Every structure is written in structure tokens, then in C-alpha cells.
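Down below is the structure, laid out as C-alpha cells.
The values are calculated or read from the model by the stated rules, or taken from the named source; none is laboratory data. No experiment lies behind these values; they were computed from the predicted model shown. With ideal geometry, Cβ positions are generated from the backbone for all residues, glycine too; neighbour counts draw on all protein chains shown. Only protein heavy atoms, including side chains, enter the accessible area calculation; ligands, DNA and RNA are left aside. Shrake-Rupley method; radii C 1.70, N 1.55, O 1.52, S 1.80 Å.
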Amino acid sequence: MEKFRKEFPVLKKGIYANTAVYGLLYDSLLDWRQEHDLDFIIYGSDMRDKALKVIADTRSTVGRFFNCKRENVALVSNFSTGLNVLLEGLNSNKKILLVENDYPSLNWCFEKREFDIEYLKMSVDIEDQIQKVVSEKKIDVLALSLVQWLDGFTIDLDFLKDLKKQHPDLIIIADGTQFCGSTTFDFDNSGIDALGASAYKWLLAGYGNGFMLFSDQIKEKFSLHNIGFNAANGELDKRDEIRFAKQFEPGHLSSLIFGSMKFSMEFFEKIGVDKITEQNRKLSEKAKAEFQKLGLLSDAVSGRKQHSTIFNIKANEATYQKLIDNDVFCAQRGDGVRLSFHFYNTEAEIDAIVKILKAEK
């Protein structure tokens, strides 16, 4: 991984433990973006066909990267926009199960509409609690983040797959913004019906791009009303033949913005998604072990076998300031400090953070 660290200028400024806020941009992506815009300056409208191909290729790349059928991929500016469009097509008589304190853009989208909502508190045995409520309360839709934004709590993906097998009519909607790009993921075999993500965090693609992935079954359970000329690929006679995923793309899309997402996914493939997954696993295990020794993690996180690379440690304002003064990029979330690591981080950097925290005690 060391040779790829050279792609990220910010890493020279300190320890970047803040990917959960914003994923780093990098030199080769900047080169591609500059060349893209230079072509527009030189060729003007002659770039139109090339730009349309970039969008089409991006859809194919997303599908390949997450193992989702190309025709079930929608390109959206962010997760929040995609989810709002989706929920406009869902009958309000559905019973919804949410997790308390999940990402606001997820929960608010349901709460703003007239759904019957049940809530679960996050706990060590959250999967058992979900199983029980889904069975007893006749839940129609389970919606949750695969990785919780506040503390990195990770849902067991095998559990979701089994839950879907047991309750085939249950609609499972997932926010993958704090998950996608951190590890390998096979959407078509996940049991999830709709997954959305913004790509500016773990996929390192910058602001303004994201995607929605859909199962084949979900199309029959939603009645969408979103429409626009772009959704019909600019063909006047195709208004009534727009496929489900294209209804999320009513207007023109930026080849610069979505091409950046395509470039980053291909960059990950160049590194090796399996290698990224393994590096993040090592970082997660290292950080969890060290923070547990210091008594800085919640019982819910400490009691789990698997965790993401996002950690919310017990820390006050003085500790936060100490980290900032020592050039550690991090964020205050809830009652603590959130530290988040990606493949460009090292175990030595975790040791350095632990040293700072010990000096603070």
C-alpha cells in the first residue's frame, strides 16, 4: 500500500483519520479531471458523444464493482436524493422498522412521510432484535445503514441475507455511504432490495456523485413518478418505456462528476479490492484492540466480533484539541471523537494516535 499512499498529498500533513467525513482526492484523479475539462474547452459540443459514453461506462463499472445488473443501477447525486425519489413510490400504509439515531437523511425520509414506524435501539444483539420485531410486528420495510455513522457499528451482512430468505416479502433498504468502498460487497447475493450510497467518502470520488442498486423484485413494489427527457435517453417515443432505475435520472448527468466515480472504482480495482479489504480489516482489528485496552469504546462496539474502521472514542473537548494539535484529522460526533481509517492509513499511525491518547490520560 505504501506506493499508493504517495497519491494522497494530505497524508504529508498529518494522520488522516477522517474518511467518514470526506474521502481523500488523489493525484491521478486530478489528472483525469483536468484532462476531461481540457477536452471540453478544446472540442466543445463535439465532446457530447464522449461524455455520454462516460456516463454509460460508469453505470457498467458500478454494476461490475458491486455485482449488480447494469440495468438495475441508477446514478444519483447523493444517497439522500435517491432515497427520497424511491420513497415517493412507496404506499404510505407500509410498516417500517428503523434504528434509533441512524443517519438523519435515512430516518428523516421515512419520518417525513405518513408511515407507521417502529424503532430499535442499537445494541450488541441488534440482529436478534430485528429478527424478533420483523416476525412479531409484521414489518414491511427494514431500513438501516450497513455501517452506523456515529460509531462505525456494523450490521452482519449474512444476517440480512438469511432474514430475506426467511421473510421474502420484506423490503430491505440500506444506506451504504459509510460502507461502500471499504470492503468487497456482492449486492445481488446480499438479500438487500435497494442500496444507496454517496461516493465522496470511502470511494474517494468527490462530491456530487452516488448510486442506487436495486433487486429485480423491488420494481413491483414501488410506483415511481419521477420522469424527464434524459430518463428516456432523449427519445420522444420512449416516455412510457423508461426502466425502473432510469427514473432516478430525469435530467442530464455530469461526465466529470460521474466519471470521477468511475475512475475511483477502477483505481480501487487497480490496487485490488481484496487487498483494500484486507488492509481495512487489519486496521479495524488493530484500532479496536488498542482502544479497548484504553477503555474508550462503548459496550455495544466492544461486544461485537466484527467492526468497521470507524470508531467513536470516549473523549472530551481537551482530548479532541490534543489530537488536532498533533495533526490528527478527526471529528467530534455525539459525546466523543470519531476516528475513521481507510486503506491509505497504517497500523503505525494507529500506534501514534494511541500514544497521544495515553499522554492525555
Those residues of the range 241-254 which are among the hydrophobic types (A, V, I, L, M, F, W, C) and either touching a strand residue (DSSP E or B) at 6+ places or on another chain (Cβ under 9 Å) or buried (at least 22 other Cβ atoms within 10 Å of the Cβ) (or both) amount to Phe244, Ala245, Phe248, Leu253
Is it true that Leu204 is open to solvent by less than 50 Å² (accessible area, probe 1.4 Å) and within 23 Å of Lys137 (Cα to Cα)? no
Taking the range 239-253, which residues are under 14 Å from Gly63 (Cβ atoms) and not in a loop (DSSP other than H, G, I, E, B)? Ala245, Lys246
Residues that are more than 21 Å from the chain's Cα centre (by Cα) and acidic (Asp, Glu), drawn from the range 43-62: Asp46, Asp49
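Quick grid of which residues meet (1) charged (D, E, K, R); (2) under 22 Å from the mean Cα position of the chain (by Cα):
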{"residue": "Ile41", "(1), (2)": "no, no"}
{"residue": "Arg64", "(1), (2)": "yes, yes"}
{"residue": "Phe110", "(1), (2)": "no, yes"}
{"residue": "Glu114", "(1), (2)": "yes, no"}
{"residue": "Glu118", "(1), (2)": "yes, no"}
{"residue": "Ser123", "(1), (2)": "no, yes"}
Restricting to the range 95-125, count the residues that are among the aromatic types (Phe, Trp, Tyr) and open to solvent by 60 Å² or more (accessible area, probe 1.4 Å). 3
Which of (1) open to solvent by 20 Å² or more (accessible area, probe 1.4 Å); (2) more than 21 Å from the chain's Cα centre (by Cα); (3) aliphatic (A, V, I, L, M) does Val21 not meet, given it meets every other one? (2)
How many of the residues making up the range 31-81 are surrounded by 17 or more Cβ atoms within 10 Å (Cβ to Cβ), part of a helix (DSSP H, G or I) and among the polar types (S, T, N, Q)? 4
Which residue, of Ser135, Ser92, is polar (S, T, N, Q), open to solvent by 30 Å² or more (accessible area, probe 1.4 Å) and in contact with a His (Cβ under 9 Å, 6 or more places away or on another chain)? Ser135
Can you say whether Glu7 is more than 26 Å from Gly251 (Cβ to Cβ), at pLDDT 95 or above and either among the charged types (D, E, K, R) or in contact with a strand residue (DSSP E or B) (Cβ under 9 Å, 6 or more places away or on another chain) (or both), as far as the supplied structure shows? yes
Residues of the range 144-163 satisfying the condition of being surrounded by fewer than 19 Cβ atoms within 10 Å (Cβ to Cβ) and in contact (Cβ under 8 Å) with a residue 40 or more places away in the chain: Asp156
Can you list the strands (runs of 3 or more DSSP E) lying wholly within the range 255-361 that have 2 or more residues being in contact (Cβ under 8 Å) with a residue 40 or more places away in the chain and open to solvent by less than 30 Å² (accessible area, probe 1.4 Å)? 310-314, 336-340
